[in-house]
Structures are given as structure tokens and as C-alpha cells.
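I have placed the structure first, in the form of C-alpha cells, so that the comments after it can refer back to it.
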2 protein chains.
Amino acid sequence: MARALVSHLDESGQMHELLSHRARAAESSAIRDLLRHAEAPGVLSLAGGLPSAAMFPVADVKQAADCALSERSTLQYGLSEGSADLRAILAGPDGDPSRVVVTTGSQQALDLLGRVLLDPGDQIVVPDPCYVGARQALGSTGAVLVGVDGDVDGLDTDSLADRLADGLSPKAVYVVANFDNPSGAVLAAGRRRMLTALAERYGFVIIEDDPYGALRYDGTPVDDVGPASDNVVRLRTVSKTIAPGLRVGWMSGPDWLMDAAVVAKQSVDLHTSTVTQAIVGRLLGENEWLDNHLAGLRPWYRAQRDAMVEALDTDLADAEFGVPEGGMFLWVRLPGVDTTTLLRSAIETGVAFVPGSAFAVDRNLSEYLRLSFATVDRCEMSVAVDRLAESVARAA
Amino acid sequence: MARALVSHLDESGQMHELLSHRARAAESSAIRDLLRHAEAPGVLSLAGGLPSAAMFPVADVKQAADCALSERSTLQYGLSEGSADLRAILAGPDGDPSRVVVTTGSQQALDLLGRVLLDPGDQIVVPDPCYVGARQALGSTGAVLVGVDGDVDGLDTDSLADRLADGLSPKAVYVVANFDNPSGAVLAAGRRRMLTALAERYGFVIIEDDPYGALRYDGTPVDDVGPASDNVVRLRTVSKTIAPGLRVGWMSGPDWLMDAAVVAKQSVDLHTSTVTQAIVGRLLGENEWLDNHLAGLRPWYRAQRDAMVEALDTDLADAEFGVPEGGMFLWVRLPGVDTTTLLRSAIETGVAFVPGSAFAVDRNLSEYLRLSFATVDRCEMSVAVDRLAESVARAA
């Protein structure tokens with residue numbers, strides 16, 4: 001064995017034979033490349049789900065940091081499950097802090113759940129289209145991602161029920177029930193109840209990823225997925241509501257699952273930064289701070305969304321899309337256009353988006369694209385959509 | 001399959017059948033339990049490798065945070081490999097920032113390297129005794145940890161050479177070359193050269209974990225392990241020099257390995273907090289700030305070490321140990337004492353330590369214990385060692 005390695009090294013001078021199967025199979029990093037595009041000078045980005053920097057509560061974060069750092073324990077090692085103060089705040093007055101685990105953003109929760117639930121070959125149901133980061137984290141375990149279609153009411157639970165009856169046996173179902181990424185759909189109340197019933201009947205976990213739930217601009221909230229079910233683990237984050245750079249998320253779920261996740265987390269990064277946990281704890285612990293902050297954030301994003309919808313209606317009459325009641329994204333179909341091909345010329349024209357195929361599990365989504373209305377300055381929204389229309393016209 | 005799950009759930013009402021093999025095999029979380037012991041009221045902790053909170057540069061961190069948060073980009077998403085500013089500072093004027101990856105503490109670097117290098121059944125050499133967090137992160141991949149003994153000069157590279165010649169074929173060798181945890185040993189210069197030559201001959205990676213290198217109190221620094229070798233990845237952190245709560249570490253190594261680690265990191269937590277990265281960048285970017293800070297830190301820890309050595313010489317004459325030239329730990333042998341049994345009564349007496357068996361790979365280390373001289377207030381050092389001596393006397 002050693003000899004084989006040595007001879008390989010002698011021939012090519014390279015070491016990447018040493019990479020694990022998982023590393024060799026890893027998807028090229030779509031989000032990262034997109035962030036690069038989005039950062040190129042002169043490019044208006046409708047691509048990444050970056051919240052509006054203009055709405056970061058900078059002064060409040062500064063003050064929270066200053067107060068937090070007055071306690072030396074803020075700079076010390078902490079517990080893997082998260083700081084007791086923050087977990088109590090996150091659980092709320094009626095919740096159980098022992099069921100809350102603080103994570104380095106929701107992305108880490110996905111990674112931890114993949115580790116503790118999925119063996120290679122296991123099945124996990126994901127919506128098709130599906131958030132890229134979930135596909136990466138859950139798929140890197142060697143589990144089989146089974147795509148289930150959705151519509152304006154979210155994941156098609158009838159179709160899921162049929163497939164379960166036919167023998168599909170997933171360990172988990174991943175869902176973004178509120179303002180799905182990329183589709184913008186809200187899972188209908190009846191489907192939430194049906195999904196929970198299926199989970200309890202067939203014995204799988206519902207991974208409910210909810211980064212956008214607080215960002216509702218119209219309509220009425222829908223009841224949580226399985227609020228009292230022990231089959232649900234709920235993922236939350238401050239990335240879209242306060243700031244992603246803090247890297248503070250959390251999940252709450254049944255004891256057996258949280259306990260396993262904490263053991264895994266210890267091995268992964270010991271714990272999430274006690275500094276950023278303390279900042280978030282100070283903000284969320286202040287009476288009505290979050291409500292007040294959200295009261296400013298929602299109309300801002302509503303106006304962003306409306307500006308994008310208006311620009312599309314004006315400049316891109318062929319575009320087909322629904323208007324989401326919240327979140328950050330429009331999921332747009334351009335009949336007859338291959339959006340992956342379109343991206344290159346769009347970037348040359350000075351605008352970026354995410355092509356539908358980046359989210360595809362099994363479906364052909366080459367005519368779709370995801371547009372974020374969160375990031376671009378409002379005064380530039382029509383310029384961005386103009387550029388998009390221009391690149392579409394050139395592609396025709 | 002689904003049916004089997006359902007019937008299981010009906011009988012026991014439990015879901016942990018759903019856990020992955022890895023989660024079920026996970027070691028009970030030794031460090032975490034120890035942190036719990038260390039935090040019990042009235043217990044003086046010689047257990048965890050917690051730096052002295054008294055030496056956290058609180059005012060400087062506060063100011064750095066305030067400046068860093070004046071730029072809105074500090075709160076936004078960042079690149080998976082880390083912020084460009086910080087990577088340039090970490091690489092230094094002669095280094096290559098593209099070979100530097102920022103991690104959420106060194107613990108995450110160990111996890112990422114495990115992911116991208118190790119498949120189940122692969123071999124990885126670790127020192128015996130070995131840092132618990134490395135064992136967890138590297139072992140959780142399903143790789144086989146092969147322990148190699150060491151002595152006062154660190155890992156026995158002659159023994160390693162023999163085993164390689166006999167067919168041992170590791171993908172990597174893990175080593176803490178400077179002030180090893182727990183042994184305190186410094187890998188001798190000749191052994192560093194031999195280890196590098198073996199890595200290049202047999203085609204394995206040297207994972208050089210160096211959290212303590214800057215904390216040298218006596219003697220002269222030894223040349224780096226393979227400073228120009230493409231077979232070395234070096235792990236660094238601010239956890240022991242500035243503050244662990246920031247969760248900022250970094251690694252530098254060959255392109256093929258750093259590229260794979262960045263793809264894995266994106267899936268794991270997107271990126272390390274841009275807030276804590278910016279704080280560290282401001283501190284390390286300030287001319288001579290770190291040198292000045294270390295100039296205060298080293299005599300402090302030297303005095304801590306000397307106080308512990310003096311107390312042991314006075315109170316525990318049977319204890320056998322060498323005096324390390326740096327780091328945070330004394331590695332102590334108590335002939336005839338089972339230190340795991342001792343721990344329980346020691347905690348009752350009001351002092352905590354880590355029993356040797358926590359670090360054992362294949363060896364029997366039941367007579368050893370690791371004492372940290374970093375955490376306890378100096379005025380309480382003799383009280384802590386008194387209590388330890390008292391529990392040893394009771395155990396005899």
C-alpha cells in the first residue's frame with residue numbers, strides 16, 4: 001500500500017490521491033462561486049440570499065457587544081449546546097431550554113443532523129427544487145436525496161404519502177415551510193398536518209428549516225408544523241433577521257436527537273462563539289427589541305419585493321412568477337430560456353442570479369431562475385432587472 | 001422497511017433507532033463532562049485547558065469590536081475560506097494567503113481534515129497519549145487511530161519508521177509538536193526532520209496542531225516541522241493566546257488539501273463569524289500588538305507553572321513529572337493510583353483534573369493525570385494541589 005502511494009507520488013508529484021471519497025465526490029461549491037460573482041465590481045446581485053446591509057442594526061449590535069464583552073466569561077470556552085442564558089431566551093418562557101441547541105448558523109444544524117441521522121444509502125426526502133446548502137450538507141453523508149415536487153402550497157404531501165405507501169422509507173423529510181428557498185411557497189396548513197401525521201406513522205424526522213418565518217409581508221401566519229410533535233426538529237437563525245455574520249442559529253427537537261447533535265457538535269467546533277452568542281442574547285433578551293426591529297424590517301423588504309415585481313412586470317413580460325407573501329426570493333420561469341447559459345451573459349451585462357438547475361434534485365429546472373429582492377439597493381432594482389431583460393433579449 | 005420502523009415505534013415509543021451508526025458509536029463527551037465538573041461551585045479546576053480569564057485583553061477586544069462593527073460588511077455573509085484581510089495578516093508578508101483557511105477554532109480544522117482525508121478503515125497515526133478532541137474528530141470518520149508512543153522528545157519517529165517499513169500505511173500523522181497536550185513534550189529537531197522525510201517518502205500528510213507554540217516560557221524554539229514541505233498542514237488558533245470564545249483558528253497547507261477543506265467548510269457552517277474574524281484581524285493587524293500581549297502572557301503562565309510545580313513538590317512527593325518549557329499542562333504519574341477512580345473523590349474534595357485514560361489510544365495510562373496550570377487563580381494553586389494530595393492520601 002505504502003509502495004503504491006509512493007509510486008503515485010513519484011509519477012505525478014501530486015497528493016490528492018489521499019482525499020477521501022467524500023471529498024472527491026463533493027459538489028463544486030455553487031454558493032461560493034455565486035458569492036464571487038455577486039462581489040465582482042459593477043455586478044448588481046440578485047443571486048445570494050444576502051440580507052440588506054442597510055438594515056443591519058449596527059448601533060444596537062455595537063452596544064450589545066460592548067456590554068457582552070464587559071463579562072470576561074464572554075471570551076472563555078463555553079458549553080457545546082450553547083450558553084445557558086441564550087438557550088433560555090430562545091426557548092421562551094414556556095419552552096424547555098434543554099431541547100435547544102445553539103449552532104454556528106442553521107447550516108451547521110443541517111450538517112449536524114445529517115451526521116447523526118444519515119448513514120450512506122439512507123433515504124432523505126427533500127423538496128424539488130431544494131435549497132443548495134441543504135443538499136450539500138445532507139447529501140455529503142452519502143444518503144440518497146429523494147426529491148418530491150411541490151406547488152404554490154409547498155411540498156406535495158399526497159405524492160409523498162403515495163411514495164411512502166409504496167415503500168419509500170426516509171429517515172427524514174427536509175422542508176422550508178415558510179417562504180421556501182427558492183420557490184417562495186408557504187406549506188399549506190392541511191399539508192403541515194398531513195406531513196406530521198405521516199412522520200408519526202412512518203417514523204421519520206421532519207427537519208423544518210425556518211430562516212424566513214419572521215419575514216412575512218402580507219397575509220396571515222400559518223400554524224407551525226407539528227407544534228407538539230416529537231418528530232419535528234425546527235431550525236432557526238438570526239442570519240436573515242439580525243445579521244448573518246454573527247453565525248448564530250439554533251435548533252429545537254426531541255431529547256434523543258438534541259443529545260446526539262451536541263455530542264457531534266463538540267467534535268465539530270467545540271461550541272459556537274460565546275462572543276456572538278452573547279451579542280444575540282443581549283439583543284433578543286431586551287424586551288420587544290426584536291419586535292421593534294422586525295417592524296422596521298418588514299416594510300423595507302416588502303417595498304424591495306414590490307419594486308422587483310414592478311420592474312419585472314415592466315421589463316420582462318414573459319417572466320412567470322407568483323408573488324410570495326414573505327422571504328427574500330422570486331422564483332421565476334422564463335419559457336424557452338436556458339438560465340444556466342443566460343447567467344454568463346447576464347454577469348457580463350452586470351447582473352447576477354441563481355439558475356434553477358442549481359436547486360434541481362431530479363426535475364429539469366433549466367427554465368427557472370431565483371431572484372433575491374433582499375440585497376440590491378432599491379434605487380438600483382430597476383437597473384438590475386433592466387440588465388436581466390437585456391441579457392434575455394440578447395439570448396433570444 | 002417503513003413497517004419495521006412503525007412497529008418499533010409502537011412498542012417502545014422511541015425514535016433513536018433513527019440515529020446513524022456514527023452517532024451511536026460516538027464517544028461520550030469527555031471534555032464536555034469535564035467542563036461541567038470544572039464549573040461546579042467550589043471546585044478548583046486543573047482539568048480543562050481553559051486559558052486564564054484574568055489575561056484576556058478585554059479592553060483591546062472591545063475596541064477592536066467597536067471599530068470592526070463600524071463597517072457593515074462585518075455583519076454580512078463572508079467567504080468560506082475566511083476574510084481576505086485576515087488571511088493576508090495570518091499568511092504574513094512572505095506567506096501565501098491562498099494557502100490559509102480560517103476555521104471555527106482549530107477543532108474545526110481537525111474535523112474538516114478528517115472529512116477530506118479519511119474514509120472508514122483508513123489509518124491515521126496519533127500520539128499515545130493523544131488530545132481528546134483530535135481523537136473524537138479524526139476517529140468519528142471511521143478511520144483507525146494507530147497510536148505511536150512518545151517520550152520527553154515527543155513522538156518516537158524511529159518506532160514510526162519501523163511500523164511504516166512493516167506496512168503501516170497511514171493517510172496522515174497527527175502531532176502537537178510544541179508542548180504536546182497532554183504530555184507537554186516538544187518534538188525534537190531531529191525527529192521533526194525525520195517525520196517530514198517519512199511523510200515525503202511514504203506519501204502521508206502531517207497534521208501539525210500548534211495551539212501552544214507561542215507560549216514558551218524557557219529554552220529556545222525549535223525549527224518548524226517541515227517548513228517548506230507540501231506534506232504538512234499547520235493548525236493555529238487564537239484560543240490560547242487571545243481568547244477561545246472568539247472561535248477563530250486557521251490552517252495552512254498545500255492547495256489540493258486547502259481547496260477540499262474549503263468545499264467541506266462551506267457545507268459545514270458556510271464560514272466562520274465575520275464579526276470575530278474582524279476582531280482578530282484588527283488585533284493581529286496592529287503592529288506589535290501580539291508581541292506585546294504575549295510579552296505579558298508568558299511570565300504570567302510561567303509563574304502559574306512554577307507555582308504548581310512548587311505545590312506538587314511540597315504536597316505530593318510521589319508525583320512523577322517533567323517540567324514543560326511551555327504550554328498549559330503537567331503530565332503527572334502517580335504510581336499505584338488509578339486516576340479515574342481518584343477523580344470522583346477529588347471532585348468531592350473540590351478539585352478536578354483529567355485522568356490519563358481519557359487520552360489513551362492503546363496504552364494503559366491509568367496512573368497518569370493531566371493538570372492544567374493555566375486556569376486556576378495563582379493564589380488558589382496551593383489549595384488546589386492540597387486538595388489533590390488529600391484525595392490521593394484518602395485513596396491510598
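Report yes if B:Val337 is outside the structural domain of B:Asp180 (by TED's automatic domain parsing) and exposed (fewer than 14 other Cβ atoms within 10 Å of the Cβ), otherwise no. No; evaluated as a whole, the condition is false for this residue.
When A:Ala161, A:Ala185 are checked against the criterion of being touching a residue at least 24 places away in the same chain (Cβ under 8 Å) and either of a type in the set (S, T, N, Q) or touching an Asp or Glu at 6+ places or on another chain (Cβ under 8 Å) (or both), A:Ala185 stands alone in meeting it.
Could you tell me whether segment A:370-377 includes any residue that is at pLDDT 95 or above, closer than 24 Å to A:Val126 by Cα and part of a loop (DSSP other than H, G, I, E, B)? No - not one qualifying residue is present in segment A:370-377.
Any residue that is closer than 23 Å to B:Phe329 by Cβ, under 26 Å from the mean Cα position of the chain (by Cα) and either polar (S, T, N, Q) or at pLDDT below 85 (or both) - is there at least one of those in segment B:54-73? Don't jump to the end; show me each part of the working.
The initial filter retains those residues of segment B:54-73 that are closer than 23 Å to B:Phe329 by Cβ, namely B:54-57.
Now drop any that are not under 26 Å from the mean Cα position of the chain (by Cα), which leaves B:54-57.
Keeping just the survivors that are either polar (S, T, N, Q) or at pLDDT below 85 (or both) gives none.
Within segment B:54-73 (the criterion being closer than 23 Å to B:Phe329 by Cβ, under 26 Å from the mean Cα position of the chain (by Cα) and either polar (S, T, N, Q) or at pLDDT below 85 (or both)), the answer is no, since none of the residues qualifies.
In this entry, B:Val225 is excluded by the filter for residues that are hydrophobic (A, V, I, L, M, F, W, C) and within 27 Å of B:Arg282 (Cβ to Cβ).
If you check B:Ser183 against the conditions, is it among the hydroxyl-bearing types (Ser, Thr, Tyr), in the same structural domain as B:Arg135 (by TED's automatic domain parsing) and surrounded by fewer than 17 Cβ atoms within 10 Å (Cβ to Cβ)? Spell out how you get there, then give the answer.
On the way: among the hydroxyl-bearing types (Ser, Thr, Tyr): yes; in the same structural domain as B:Arg135 (by TED's automatic domain parsing): yes; surrounded by fewer than 17 Cβ atoms within 10 Å (Cβ to Cβ): no.
Judged against the criteria, B:Ser183 is not a match.
Condition test on B:Glu286, is it in contact with a strand residue (DSSP E or B) (Cβ under 9 Å, 6 or more places away or on another chain) and away from chain A (no Cβ under 14 Å)? Answer is no for this residue. For segment B:244-256, the set of residues classified as at the interface with chain A (Cβ under 7 Å from one of its Cβ atoms) and surrounded by 24 or more Cβ atoms within 10 Å (Cβ to Cβ) consists of B:Pro244, B:Gly245, B:Leu246, B:Arg247, listed by residue number.
Could you tell me whether A:Asp122 is charged (D, E, K, R), touching a residue at least 12 places away in the same chain (Cβ under 8 Å) and not assigned by TED's automatic domain parsing to the domain that holds A:Gln266? No; evaluated as a whole, the condition is false for this residue.
In this structure, is A:Leu290 part of a helix (DSSP H, G or I), more than 22 Å from A:Glu380 (Cα to Cα) and modelled with pLDDT of 95 or more? Taking the combined requirement at face value, the residue satisfies it. A count restricted to segment B:108-129 and to residues that are touching a Gly at 6+ places or on another chain (Cβ under 7 Å) and under 22 Å from B:Leu365 (Cβ atoms) stands at 5. When B:Asp218 is tested against (1) modelled with pLDDT under 95; (2) part of a loop (DSSP other than H, G, I, E, B), only condition (1) is not met.
If you go through segment A:310-332 and pick out every residue that is surrounded by fewer than 18 Cβ atoms within 10 Å (Cβ to Cβ) and over 12 Å from A:Val392 (Cα atoms), you end up with 6. In segment B:196-209, is there at least one residue being in contact (Cβ under 8 Å) with a residue 24 or more places away in the chain, crowded, with 24+ Cβ neighbours inside 10 Å and among the polar types (S, T, N, Q)? Looking through segment B:196-209, none of the residues is in contact (Cβ under 8 Å) with a residue 24 or more places away in the chain, crowded, with 24+ Cβ neighbours inside 10 Å and among the polar types (S, T, N, Q). Scanning segment A:157-175 for residues that are more than 14 Å from chain B (Cβ to nearest Cβ) and loosely packed, with under 15 Cβ neighbours inside 10 Å yields A:Asp158, A:Ser159. Does A:Arg370 fit the bill of being among the charged types (D, E, K, R), in contact with a helix residue (DSSP H, G or I) (Cβ under 6 Å, 6 or more places away or on another chain) and either surrounded by 17 or more Cβ atoms within 10 Å (Cβ to Cβ) or closer than 18 Å to A:Pro41 by Cβ (or both)? For A:Arg370, the condition - among the charged types (D, E, K, R), in contact with a helix residue (DSSP H, G or I) (Cβ under 6 Å, 6 or more places away or on another chain) and either surrounded by 17 or more Cβ atoms within 10 Å (Cβ to Cβ) or closer than 18 Å to A:Pro41 by Cβ (or both) - is not met.
Scanning segment B:248-273 for residues that are of a type in the set (Gly, Ala, Ser) and either touching a strand residue (DSSP E or B) at 6+ places or on another chain (Cβ under 9 Å) or without any contact (Cβ under 8 Å) to a residue 40 or more places away in the chain (or both) yields a count of 5.
Return the only residue of B:Thr220, B:Thr241 being of a type in the set (S, T, N, Q), within 24 Å of B:Trp331 (Cα to Cα) and over 14 Å from the mean Cα position of the chain (by Cα). Walk me through how you get there before you give the answer.
On the way: B:Thr241 fails: over 14 Å from the mean Cα position of the chain (by Cα).
Result of the check over B:Thr220, B:Thr241: B:Thr220.
For segment B:132-156, a tally of residues being among the charged types (D, E, K, R) and either part of a helix (DSSP H, G or I) or facing chain A (nearest Cβ under 10 Å) (or both) returns 1.
Across segment A:113-125, what is the total count of residues that are more than 24 Å from A:Glu81 (Cα to Cα) and surrounded by fewer than 24 Cβ atoms within 10 Å (Cβ to Cβ)? Walk me through how you get there before you give the answer.
Our first condition is that a residue be more than 24 Å from A:Glu81 (Cα to Cα); within segment A:113-125, this holds for A:120-125.
Then drop every residue that is not surrounded by fewer than 24 Cβ atoms within 10 Å (Cβ to Cβ), which leaves A:120-123.
Final tally of qualifying residues: 4.
The set of residues in segment A:60-106 being at the interface with chain B (Cβ under 9 Å from one of its Cβ atoms), assigned to a helix (DSSP H, G or I) and free of Cβ contacts under 8 Å to residues at least 40 places away in the same chain consists of A:Lys62, A:Asp66, A:Arg72.
Among the residues in segment A:123-131, are any closer than 30 Å to A:Gln266 by Cβ, facing chain B (nearest Cβ under 10 Å) and at pLDDT 95 or above?
Pass one, segment A:123-131, residues closer than 30 Å to A:Gln266 by Cβ: A:123-126, A:130-131.
Going one step further and asking which of them are facing chain B (nearest Cβ under 10 Å), we end up with A:123.
Retained after the next criterion (residues that are at pLDDT 95 or above): A:123.
Yes: segment A:123-131 contains one or more residues that are closer than 30 Å to A:Gln266 by Cβ, facing chain B (nearest Cβ under 10 Å) and at pLDDT 95 or above.
Note on segment B:228-243: among residues that are out of contact with any Gly (no Cβ under 9 Å at 6 or more places or on another chain) and closer than 27 Å to B:Arg302 by Cβ, the one that is farthest from the other protein chains (Cβ to nearest Cβ) is B:Thr241.
The values are calculated or read from the model by the stated rules, or taken from the named source; none is laboratory data. Everything numeric in this text was worked out from a predicted model, so none of it was measured. Here the Cβ is made from the backbone with ideal geometry for all residues, glycine too, and neighbour counts use every protein chain on show.
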